[in-house]
Amino acid sequence: MRLHNELSNDSRYSDIHNRSRSGITRVDNRSDQSPATLSTARAMATHAGASGRDRSRWAVKLWWAMAITAASWWLIANVASAQQYETFKLDPAYEAFKDPKEASKLERAVMQLKTAKDLSKVEASAPGMSKFYLENYIPWKITQRENLPEISSTIEGLLKDVDGAQRIGSAGTRTLLAGTFLGMKKIAEGNYMPAARINAINALSRLNAKPLDLANGRPPLPLSYSYPILYKLYTDEKESDGIRAAALHGIHSYVRLAFPVMKADEKTALVAEMNKLLAAEPPKSRDAKAHAYLQRFAVDILNILRAPNDASLGTQLISISTAEDNPDLIALYSAAKLGSFETGLQGKVEDPSAVTKQWSVRAFNALQSELDRFEAQTRPRPAQSQPPNPIDFLRKAKPKKPQPIAATRRSRTSSDMGMGRGMGMDSGYSPEMSMDMEMGMEMGMGRGMGMERGMGMEMGMEMGYGMQMMANPQPPEVNLSRRKIDFVFQQLLQGATGSAKGTPEENPAGLLAAVPENVRPEVQAWVDSILLVSEALNDEKLDTLELWLEALELQRPALGDLAGIEVERIEEDDTIQDNSLPMFPGMGMRRANNEEELPGGGGLPGGGLPGAP
């Protein structure tokens, strides 16, 4: 292949630029700091000597100890900074291209190749300048510390140029692809800044031999030369976690698109490495959640490469999702991936209660964590209401001006559009149309319909035509909390039924497919219980933080029962207390049965009313 020849031959051209080292200029301040430290110590010692020799000696010892400590920290800092990374060197003959004005000539050459339909019509120097730009200038640029903020944008620009050339079928596509690959390969495998290496690794994983074909529905085909580099970087345990994680991310992207064309030995070696990662404990230098994040890539890769009837990964996912010590990041993810299994797991789970119980613990902990998080927050004090100003009662109320009818927000549910569809409206219904419709109704009622008929039509709109009241907007803290809990429920339902909505398909999947047929009703009962909790928490009436927290508290017992956790139930008080005060004196008092129960011993003053018989 021509591309392979270019990649192999051109790599020798740039090896001479990869041997030289450059150090970071280090400023040594010991000569400036030591005299000041000694003079200060002597001055303090002399000052202390005025109060006695013993005190002077202790002061001198103290200051010498402080000086030694400061010197020690200074040495440690220099040792840490001594681990210097290389910077890519340009040949002295091309030093002039460090000037941005001269570098723009290289960029113009790349643009010529990107849009060229015939290489014979571009400048003769364009291919050579583009090759130098991609294989030497770009590696030099992204390894300079002062260019650190521009690394990502620089790499993105290269990838866009290659992709654009591939999409239009440019004659310079091979030169651009080969040059970008060789330049990124040098940085990814070299001893350069981690930021530059990680961006180069990301670029290698995104280079495609064939671009995305939307017309024929074909996904892009990754460049096969990138995979050996990514695999080598990931399997090298001497590399830092950042480099290995970037390489694993690139392998994940590569496998998703190129697994049909991968070699058998590549698949076998990769499956072994992913099983090793999935079963490994996090190293001492790696956080448990970071390790769980890497394991998610292993789950995806193994799921892509597994045979249809291979149940080994399914049993692993069940074990990972039910292990108490595993973080939710990998446990819930494994539970969700179990939902992709339809065959191969039959009869692997005899007793589903052990699985559903551990999954219920995950759901309960998610709900409890939200309650604890809100409880830990300092809530703002409610503003004290001020008494009304007495002068306001003496002022005359100004007549209110009629307000224009505002357009109502279009609801996402189909039931809210019942009126629009019933009246012949198409899917192009808009708020402006709603405003016109409301104004037209107002004018019609005002001209000849009458008040009673207008009121009847208004009620018909609300009750007979399917129009619903708009729900109150949800506070952002409630929305975010609900999304977090919903995501936990969706992953568990996905693992149980194969559907995030908890509605199993015709062919059972996930946990339903792993249990015997006579035990499936038990799994379905657990799914129904989770759906009831989810439905209660997704009530649109929970539009305040107080109502949301109350709903969380009310659902704790239900999840606690599923998880086997004792939860104190909240008993609702249904009694109605009438604490209303009487509106007028004497109203609301018990009626007297006889005159002796009346105040004053009974009877009216003077024996009765004046003039009464």
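Each reported figure results from applying straightforward, stated rules to the coordinates on display, with no laboratory input. Every value quoted in this text rests on a predicted model; they were computed, and no experiment measured them. Note: ideal-geometry Cβ built from the backbone for every residue, glycine included; neighbour counts use all protein chains shown.
What's the FRET efficiency of Gln144 with Asn518 using the Cβ-Cβ distance as r and R₀ = 56 Å, to the nearest 0.05? Please list the in-between numbers first.
Working: r = 68 Å, r/R0 = 1.22.
Between Gln144 and Asn518 the formula returns 0.25.
Report the full-extension gain for the segment Lys501 to Glu156: residue separation times 0.36 nm, less the Cα-Cα distance, to one decimal in nm. Before the final figure, lay out the partial values.
Values: separation 345, 0.36 × 345 = 124.20 nm, distance 3.78 nm.
Once the chain is fully extended between Lys501 and Glu156, it gains 120.4 nm.
Among 332-341, 189-198, 148-157, 115-124, how do they line up from the highest to the lowest mean number of other beta-carbon atoms within 10 Å? The partial results should precede the final answer.
Numbers: 332-341: 24.5, 189-198: 18.9, 148-157: 14.1, 115-124: 12.4.
Most protected by this proxy first, the peptides run 332-341, 189-198, 148-157, 115-124.
Once you wrap a convex hull around the alpha carbon atoms of the stretch 221-306, what is its projected area averaged over all directions, in nm²? Mind showing how you got there, number by number?
Working: hull surface 20.7 nm².
Mean shadow area of the hull around the Cα atoms is 5.2 nm².
Please list, in order, the residues from the stretch 141-180 whose amide nitrogen is less than 17 Å from a point placed 7 Å along the Cα→Cβ vector of Met111.
So the set is 154, 157-165, 172.
How many nm is it between the label spots at Leu212 and Thr235, if each spot is 7 Å from the Cα in line with the beta carbon?
So the label points at Leu212 and Thr235 sit 3.2 nm apart.
For the stretch 221-258, list residues with backbone N below 13 Å from a point placed 7 Å from the Cα of Ser285 toward its Cβ?
Within reach of a label on Ser285: 236-245.
Hey, which lysines would be in cross-link range of Lys89, C-alpha to C-alpha under 17 Å, not counting anything within fewer than 8 residues on its own chain?
Partners found: Lys98, Lys131, Lys141, Lys185, Lys186.
What lysines sit close enough to Lys276 to cross-link, taking a C-alpha to C-alpha distance under 21 Å and skipping anything fewer than 8 places away on the same chain?
Straight-distance partners of Lys276: Lys232, Lys238, Lys263, Lys267, Lys284, Lys289, Lys337.
Test of understanding: what is the full-extension gain from Arg569 to Leu531, defined as 0.36 nm times their sequence separation minus their Cα-Cα distance? Kindly include the intermediate steps, with their values, before the conclusion.
Values: separation 38, 0.36 × 38 = 13.68 nm, distance 2.01 nm.
Using 0.36 nm per residue and subtracting the Cα-Cα distance, I get 11.7 nm.
Return the sequence-ordered ³J(HN,Hα) values of the stretch 204-216 in whole Hz as given by the Karplus equation 6.51 cos²θ - 1.76 cosθ + 1.60 applied to θ = phi - 60°, using x for Gly and Pro.
Per-residue couplings from phi come out as 4, 6, 9, 6, 10, 6, 10, x, 5, 10, 5, 4, 9 Hz.
Per residue of the stretch 504-515, in order, report the coupling 6.51 cos²θ - 1.76 cosθ + 1.60 (Karplus, θ = phi - 60°) as ³J(HN,Hα) in whole Hz, putting x for Gly and Pro.
x, 7, 4, 9, x, 9, x, 5, 4, 7, 8, 9
Please give me, ordered by residue number, the GluC sites (Glu not before Pro) of the stretch 320-358 that lie in loop per DSSP and have at most 13 other Cβ atoms within 10 Å. Could you put the intermediate results ahead of the total?
Working: sites: Glu324, Glu342, Glu350; in loops: Glu324, Glu342, Glu350.
Taking the stretch 320-358 and a limit of 13 other Cβ atoms within 10 Å, the loop GluC sites (Glu not before Pro) found are Glu324, Glu350.
What is the extension gain from Glu553 to Leu221, computed as 0.36 nm multiplied by their sequence separation minus the C-alpha to C-alpha distance, in nm to one decimal?
Details: separation 332, 0.36 × 332 = 119.52 nm, distance 5.08 nm.
Result: 114.4 nm gained on full extension.
I'd like the per residue volume of the convex hull spanned by the Cα atoms of the stretch 84-190, given in cubic angstrom. All intermediate terms of the calculation are to be shown ahead of the outcome.
Values: hull volume 10.2 nm³, N = 107.
So the per-residue hull volume is 95 Å³.
Each label point is 7 Å from the Cα along the Cα-to-Cβ direction; what then is the distance between the points at Asp99 and Arg483, in nm?
Calculated label separation equals 5.1 nm.
Points 7 angstrom from Cα along the Cβ direction at Gln346 and Glu123: gap in nanometres?
Here the modelled spin labels are 7.0 nm apart.
Please quote Rg/Rh for the stretch 177-261 to two decimal places, taking the Kirkwood radius as Rh and restricting both calculations to Cα atoms. Mind dumping the intermediate values first?
Details: Rg = 13.0 Å, Rh = 13.0 Å.
Rounded to two decimals, Rg/Rh equals 1.00.
Around Pro260, what is the net charge, scoring Lys/Arg as +1 and Asp/Glu as -1 over all other residues with Cβ under 14 Å from its Cβ? Could you put the intermediate results ahead of the total?
Values: positive: Lys210, Arg218, Arg256, Lys263, Lys267; negative: Glu266.
Local net charge: +4.
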